[in-house]
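The numbers here are math on the coordinates, done by the rules we state, and not lab data. The structure displayed is predicted, hence computed values, not measured ones. Cβ: placed from backbone, ideal geometry, glycine included. Neighbour counts: every protein chain shown.
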Amino acid sequence: MFAGSTRQRIDLYELMATGKLGLALSTRAMLGLVSKDLGKVEQEFRLESIASVEAVSQIAQYLQGNGGKRLRPILLLVTCRLFREPSPEAIRLAAVVELIHTATLVHDDVIDEAKTRRGKPSANVLWGNQTSVLAGDWLYMQAFQIALRQRNFEILDLLITLTQQMVDGELLQLERIGKIDISEADSMELIDRKTASLFAACTRLGAISAGVTEEQQSILGEFGWNLGMAFQLVDDILDFTSREAILGKPVGNDLREGKVTLPLIYALDDASPADRARVQTVLTDGNYERVHFEEILAILDRHQGIERARARAQEFTAKARAILAGFPDCPARTALFAATDLVADRDR
């Protein structure tokens, strides 16, 4: 949504066409605040992803040109703007978090055996698993190489901890693939490690690059964490409620891949043995041939799984907004409020 002026205009028009005029205007205000900064980040990303091995450069450039919201670098830049204009250091750190995010996408698609990413063939389909895994590794290392140039141990410590958390999350997810007895606490732990930790790192890095106090860094990290929790919960909901043309990947994909996410966890709380058996069938088969996707949607509907997960996501966005309320009113704070709206109301 945030990359490229033509794509920006299209998405704004789509929001207005669906009656989300206020959201469209908030998006425009946020883009206006960071558009020049984002252009510098895109240039930094492009330059830093040029490798001696052509396949790595091709994969990085393919993913960069394949759309994406650029939400993580935006969060870093806007957080910095709460206090000052982003410095060259902030621009480099924004490129770092986008490189890390891109590396995780490459690895995730290999692990999940994904066929599409944002409506186009995934990197592993085009270049194969082996090349894609190594390209993801290279992107991770390049991100740390850029961060190392800052000569700031606080930043390196944050990024190393972040990477460990994300890998832990991926390993936990693999351990739970195909298991139906996943608890709400299990789901929250996974979201914390795989998604919220990166959002928290982005907002904390924005605060670090602005040179603010440790207390302010911690508060803004908490804001990012709550936003990340909400983001992933909405993502889990959209996997059931969106359309493939909008989502950019097949709907119902999580369950097909053996993942039981929070909407289904809530629905299974008081589901009948027959309903649990239907869900287990999809987990076992890895497809919707014997139990159709519509049957799973009916289970979610009967037991209010979507509604309960949406309410949980709203709890996290409410906490994020409450944290922002403690900062002085300024364009950057308005933009961060807009980010919480985008997370809560997005359809992709």
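With a Förster radius of 45 Å, plug the Cβ-Cβ distance of Glu289 and Arg151 into 1/(1 + (r/R0)^6) and report the FRET value to the nearest 0.05.
Values: r = 56 Å, r/R0 = 1.25.
The calculated FRET efficiency here is 0.20.
Size of the range 188-230 along its principal axes in angstrom, Cα-based, largest extent first?
Ordered largest first, the range 188-230 gives principal extents of 31, 14, 13 Å.
With unit charges on the beta carbon (Lys/Arg positive, Asp/Glu negative), name the residue among Ser242, Val34, Ala311 whose Cα is farthest towards the positive pole of the charge dipole of the chain.
Val34
Just to be sure I understand: with springs between alpha-carbon atoms less than 10 Å apart, which residue in Glu98, Glu222, Glu85 has the highest mean-square fluctuation in the Gaussian network model of the chain?
Between Glu98, Glu222, Glu85, it is Glu85 that shows the largest mean-square fluctuation.
Please compute the modelled spin-label separation between Ala318 and Glu113, points set 7 Å along Cα→Cβ, answer in nm with one decimal.
My value for the distance between the label points is 4.2 nm.
Springs between alpha-carbon pairs under 10 angstrom, Gaussian network model over the chain: which of Thr284, Thr104, Thr317 fluctuates most?
Thr284
Please give me the summed charge of the neighbours of Lys179: other residues whose Cβ is under 10 Å from its Cβ, Lys and Arg +1, Asp and Glu -1.
Around Lys179, the charge tally is -1.
Net charge around Leu336, counting only other residues with Cβ within less than 12 Å of its Cβ (Lys, Arg = +1; Asp, Glu = -1)? Numbers along the way, then the final one.
Working: positive: Arg81, Arg321, Arg333; negative: Asp329, Asp341.
Net of charged neighbours comes to +1.
To the nearest 20 debye, what charge dipole does the chain have about its Cα centre, counting +1 at the Cβ of each Lys and Arg and -1 at the Cβ of each Asp and Glu? Working shown, then result.
Details: 40 positive and 48 negative charges, 239 e Å.
In total the dipole reaches around 1140 debye.
Under 10 Å, Cα contacts only: if you run a Gaussian network model on the chain, which one of Ala196, Ala94, Ala274 comes out with the highest mean-square fluctuation?
Most flexible of the set in this elastic network: Ala274.
Sequence gap of 8 or more, or different chains, plus Cα separation below 15 Å: how many lysine pairs satisfy both in the range 5-345? Working shown, then result.
Working: Lys115/Lys249; Lys120/Lys249; Lys179/Lys259; Lys194/Lys259.
Value for the range 5-345: 4.
Between Glu214 and Val133, what is the spin-label point distance in nm, taking each point 7 Å from the Cα along the Cα→C-beta axis?
4.0
How are the Cα pair distances of the range 39-116 distributed, in percent, across 10 Å bins from 0?
Reading upward from the zero bin: 17, 48, 26, 8, 0.
With r defined as the distance between the Cβ atoms of Ser57 and Thr161 and R0 fixed at 25 Å, what FRET efficiency is calculated, to the nearest 0.05? Each step should come with its number before you reach the end.
Details: r = 29 Å, r/R0 = 1.15.
Using R0 = 25 Å, I get an efficiency of 0.30.
Where does each of 205-218, 136-149, 44-57 land if you order them by average Cβ count within 10 Å, highest first?
Numbers: 205-218: 19.6, 136-149: 18.1, 44-57: 15.9.
The packing order, highest mean first, is 205-218, 136-149, 44-57.
Give me Asp192, Asp345 sorted ascending by neighbouring Cβ count inside 10 Å, so fewest comes first.
Asp345, Asp192
Kindly provide the trypsin sites (Lys or Arg not before Pro) of the range 74-111 that DSSP labels as loop, not H, G, I, E or B, and whose Cβ sees at most 16 other Cβ atoms within 10 Å. Present the calculation step by step, with values, prior to reporting the outcome.
On the way: sites: Arg81, Arg84, Arg92; in loops: Arg84.
Sparse-neighbourhood loop trypsin sites (Lys or Arg not before Pro): Arg84.
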